[in-house]
Amino acid sequence: MALSKKKAQKEISKHTLQAESIFKASMKEEGYRCTRERLVVFREIYASNNHLDADEIFVRLKKKGASISRATVYHTLDLLFKFHLVNKIDLGHKHTHYEKSYGVDNHLHIICEQCDRVIEVHSSELNEILEKLCKKNGFTLGSFSLQVFAECREETEHHRCKLKPRDSTRTSER
Ligand SMILES: [Zn+2]
Ligand SMILES: [Zn+2]
């Protein structure tokens, strides 16, 4: 177990290094300066397995003492999207979330409309269906990042959907 986790981490860092060299080469090719700030944004998003919005990234970097502006974070995310290094996802908030995409399999996000819980689902069947649909319409499937809005019913030690009445707090919430 520990070994496979270690291996997984190694894989991730390999992909991160590859993605970073693609980012640098793409900036060079398109005439963008490869600034430290841009690399800092890149590394922050590639170090995370979460879906982050621009503000979260900005706040995280500020906490780490980076001197960076919000505008630079936004601009860098646009660049990363342009170079196919991040996906934009709509989690049902008013703003866009981002996730790294290089070395990450296409997946589906299932989002709870009540409590905002997000899970990622990888499915080869889904891949096949989308491939077929694209082909049928004269396209070749590229990458995808899908969102489905649903209601979670799961109740675990760590998670309880926000709207599920919790006996002890029910009266105080109403
Ligand atoms: Zn995702
Ligand atoms: Zn929920």
Roughly what angle does helix 54-63 make with the longest principal axis of the chain, taking Cα atoms, 0 to 90 degrees, to the nearest 10? 80 degrees
Between LEU39 and ASN137, with labels modelled 7 Å along Cα→Cβ, what's the label distance in nm to one decimal, could you check? 4.1 nm
Ranked list, fewest to most other Cβ atoms within 10 Å of each Cβ, for ILE89, ILE129: ILE129, ILE89
Longest segment of the chain with no GluC sites (Glu not before Pro) in a DSSP loop having at most 16 other Cβ atoms within 10 Å? 1-112
Which pairs, out of LYS63/LYS94; LYS63/LYS88; LYS14/LYS100, put more than 18 Å between their alpha-carbon atoms? LYS63/LYS94; LYS63/LYS88
Quick one: length gained pulling SER13 to SER123 fully straight, 0.36 nm per residue minus the C-alpha distance? 37.2 nm
Could you compute the net charge surrounding GLU30? Neighbours are other residues with a C-beta less than 13 Å from the C-beta of GLU30; K and R count +1, D and E count -1. +3
What per residue convex hull volume, in Å³, comes out for the chain when only alpha-carbon positions are used? 187 Å³
Share, in percent, of DSSP beta bridges within the chain that are antiparallel, nearest 5: 65 percent
On a full-extension model of 0.36 nm per residue, what is the gain between PHE149 and ALA71, subtracting their alpha-carbon distance, rounded to one decimal in nm? 25.1 nm
List LYS63, LYS14, LYS88 from most exposed to least, where exposure is judged by having the fewest other Cβ atoms within 10 Å. LYS63, LYS14, LYS88
For helix 124-136, report the angle its Cα long axis makes with the longest principal axis of the Cα atoms of the chain; keep it between 0 and 90° and round to the nearest 10°. 60 degrees
Dipole size in debye (nearest 20) for region 20-113 around its Cα centre, Lys and Arg Cβ +1, Asp and Glu Cβ -1? 520 debye
Quick one: what are the phi-derived ³J(HN,Hα) couplings along region 137-149, Karplus 6.51/-1.76/1.60 with θ = phi - 60°, whole Hz, x for glycine and proline? 9, x, 10, 10, 4, x, 9, 8, 9, 10, 10, 10, 9
Equivalent ellipsoid dimensions for region 105-164 as semi-axes, Å, which come from the Cα gyration tensor, largest first: 31, 10, 8
How far apart, in nanometres, would the label points at GLU29 and LYS63 be if each is projected 7 angstrom from Cα along the Cα-to-Cβ direction? 3.5 nm
Within the set of other residues whose C-beta is less than 15 Å from the C-beta of HIS95, count the net charge using Lys and Arg as +1 and Asp and Glu as -1. -4
5 Å is the cut-off here: which amide hydrogens, built 1.01 Å from N in the peptide plane, fall below it relative to GLN147, excluding neighbours closer than 5 in sequence? HIS109
To the nearest 10 degrees, the tilt of helix 70-82 (Cα long axis) against the first principal axis of the alpha carbons of the chain is 80 degrees
If you average the C-alpha positions of region 124-159 and of region 16-39 separately, how far apart do those two centres end up, in angstrom? 30 Å
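We did not get these values from a lab; they are worked out from the coordinates using the rules stated. Note that the coordinates shown come from a computational prediction; the quantities given were computed from them, not determined experimentally. Here the Cβ is made from the backbone with ideal geometry for all residues, glycine too, and neighbour counts use every protein chain on show.
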